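Values quoted throughout were computed directly from the atomic coordinates according to the rules given, and no laboratory measurement underlies them. What you are looking at is a predicted structure, and each value in this text was computed from that prediction instead of being measured. When we count neighbours, we look across all protein chains shown, and the Cβ atoms used for this are built from the backbone with ideal geometry, even at glycine.
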């Protein structure tokens with residue numbers, strides 16, 4: 001994937017959200033190749049806007065089966081729940097949603113917490 005071209009197209013349509021900023025930072029700091037994906041393959045601002053058919057996780061499950069990543073960072077309750085039900089063979093690192101929504105009281109994503117997550121991922125892939 002040409003990440004630079006994708007980012008250019010993304011920025012032509014969207015401002016960088018807090019979630020996207022954190023994903024970009026993580027992808028830049030993780031020492032292994034990174035695949036960014038959602039559990040659903042339909043674009044939506046929020047999962048609540050998806051129909052039942054749109055909520056299929058078949059593509060996501062196929063990606064995990066074919067790629068067999070050493071580590072999966074699952075952020076948010078839906079991704080964490082799905083990965084908890086799957087046998088991926090991957091180390092799953094479950095964290096609060098990168099948007100900050102639904103995070104435990106007093107938790108906030110900051111540079112220190114992102115660095116801690118990067119260290120966990122890099123430690124698992126090295």
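Once the Cβ-Cβ distance between residue 115 and residue 16 is put in as r, and R0 is 22 Å, what FRET efficiency do you end up with, to the nearest 0.05? The value I calculate is 0.70. Per residue of the chain, the DSSP helices (runs of n ≥ 4 H) give a summed -39500 (n - 2.57) that works out to -14000 deg cm²/dmol at 222 nm.
When a/c is below 1.5 the answer is rounded, else prolate if a/b is larger than b/c, else oblate, so apply that to the stretch 16-125 with a ≥ b ≥ c taken from the square roots of the Cα gyration tensor eigenvalues. It comes out oblate by the Cα gyration axes. A simple spin-label model places the labels of residue 37 and residue 62 0.9 nm from each other, with each point 7 Å out along Cα-to-Cβ.
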